[in-house]
Amino acid sequence: MPVANNLRDCFPMIQSREEILKRINEEDHLKKTYYSWKEEERKEFLDMCTGARGVKMLYDGFFKEVMNPEYAPGRLGNFLSEVLGAAVRVKNVLPNDTTRLTDESSLLVLDIVVEFEDGRIANVEVQKIGYLFPGERSACYSADLLLRQYKRLRDERKKQFSYRDIRTVYTIILFEHSPEEFWSYPEIYRHCFGQTSDTGLRLKIPQKFIYIALDIFKKKQHNEGDRIHDRLEAWLTFFCRDEPEMIFRLLEEYPEFRALYEDVYELCRNVEGLMEIFSKELLEMAQRIAELERKLAER
């Protein structure tokens, strides 16, 4: 393990506490924003941007910057290859014109639709708080994606179109806070669903669902001595662990993640932009809690 206790030892572009506070106090609007936060929020912000703690990669601005398939398509392809258990390469990022309900948008970190080289489609979501009915909701969006694929292929191939042209549609969801049903399986963080018959008859039904419970993964990993068993767990560690010692461990075992952290810490050098990301996260956190309370009250 690297001999270090602060992430600045690995990433020298990280600014010091004094540099950050000097920049804040030089601008009245930054100073006003900073001191509008609670004391524990100011501490969290300074810990994050000075390397005392890692950046929370599931913050909207960070996740989209690092995993943007238009900026670095190989990263998302590598992650999806580990999730699906087969090598894939992202071909296109498709327009996301699903009929998503407005009140759901505040609970999402990332929601993108990608097409693989072989024509398969995946809807990749990262959610802060699990919905009360993830199965029903996922089925609706999977059906929407399947219908979009059907219309596109039918329009492209016209009379040559065949239903055998339809490729598998994956709905892949990462929960930061999983629905209660998932905690019935406290040792399992990845769940794959497909349609099967009660007789053993096999048909090609192109809808697949993969749920990854990051909170369950984190707890299981901690109980196992914080080991990283494989490359999928390396990705999940990157997404949900912000302790410096875990970041050092990840970099030692999978040094290719250094480039991802470097991108994030270059972003952190923009103090004003970083404060905007953090303020937005605080606002959306309050909205998520209110949304969760509303949904619980409707049960």
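The values are calculated or read from the model by the stated rules, or taken from the named source; none is laboratory data. This is a predicted model, so every value here is computed, not measured. Heads up, the Cβs are rebuilt from the backbone with ideal geometry, glycines too, and the neighbour counts pull from every protein chain shown. Calculation scope for accessible area: heavy atoms of the full protein, side chains included, ligands and nucleic acids excluded. Shrake-Rupley method; radii C 1.70, N 1.55, O 1.52, S 1.80 Å.
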Could you identify the single residue in ILE205, ILE173 that is among the β-branched types (Val, Ile, Thr), under 15 Å from ALA122 (Cβ atoms) and modelled with pLDDT under 95? ILE173
Among the residues of the range 75-93, is there at least one that is open to solvent by less than 40 Å² (accessible area, probe 1.4 Å), modelled with pLDDT under 80 and either closer than 27 Å to LEU283 by Cβ or in contact with a Lys or Arg (Cβ under 7 Å, 6 or more places away or on another chain) (or both)? no
Has the range 170-193 got at least one residue that is out of contact with any helix residue (DSSP H, G or I) (no Cβ under 8 Å at 6 or more places or on another chain), closer than 22 Å to VAL113 by Cα, outside any strand (DSSP E or B) and open to solvent by 100 Å² or more (accessible area, probe 1.4 Å)? no
Restricting to the range 194-203, what's the tally of residues that are open to solvent by 90 Å² or more (accessible area, probe 1.4 Å) and hydroxyl-bearing (Ser, Thr, Tyr)? 2
Criterion (loosely packed, with under 14 Cβ neighbours inside 10 Å, part of a helix (DSSP H, G or I) and either within 22 Å of the chain's Cα centre (by Cα) or not aromatic (Phe, Trp, Tyr) (or both)) met by exactly one of GLY119, GLY135: GLY135
